[in-house]
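Note sheet for the following structure.
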Amino acid sequence: MSMIMGLLSFSLSVFIVAMVLPSVRVRSYGSALGVAVIYGVLKFFLHWLLILVSLPFIIITLGLFLIVINAFLLWLTDKLVDGFEIDSIFSTIVASVLISVLDIVLRWVLPWV
């Protein structure tokens, strides 16, 4: 149940960020749910590998390079999901940060997530 609520929280974050940023477009809430599923799968399989490969950059930047890793995973999700578009790399980085922060806030505000 917690995993389903986490997916719904993340997809709501994607949907809200798409309403706020004009450079991020989501066709429907179903597309946002697809983004959450694909992003979750990519994060499960690639996140630790990318962290391991880029560990020196993460250490040098005091963890800020993790934003680049999350933006890369979001860009990859953009390429895989049909109803989800992000215009530029800068928009991808901003959207990645906003989605992550909003997801954390939603999980904090909604305790059942």
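Every number here is computed from the coordinates shown, using simple stated rules; none is lab data. These numbers were taken from a predicted model, which means no experiment stands behind them. As a convention, Cβ positions derive from the backbone with ideal geometry for all residues, glycine included, and neighbour counts pool all protein chains shown.
Restriction of the trypsin sites (Lys or Arg not before Pro) in segment 11-45 to DSSP coil positions whose beta-carbon has at most 14 other beta-carbons within 10 angstrom yields R27.
Against the longest alpha carbon principal axis of the chain, how many degrees, from 0 to 90 and to the nearest 10, is the axis of helix 29-53 turned? Once rounded, one gets 10 degrees. The value for the chain of Rg(Cα) / (2.2 N^0.38 Å) is 1.04.
Which angle between 0 and 90 degrees, to the nearest 10, do you get for helix 65-80 versus the longest principal axis of the chain when only C-alpha atoms count? The two axes meet at around 50 degrees. Summed over qualifying helices (DSSP H, 4 residues or more, each -39500 (n - 2.57)) and divided by its residue number, the chain shows a 222 nm mean residue ellipticity of -26000 deg cm²/dmol.
Mind telling me which of V37, V26, V101 comes out most flexible in a GNM of the chain, alpha-carbon contacts under 10 Å? Per the Cα network of the chain with a 10 Å cutoff, V101 tops the list. Between V81, V20, V53, the residue with the greatest mean-square fluctuation in the GNM of the chain (Cα pairs under 10 Å linked by springs) is V53.
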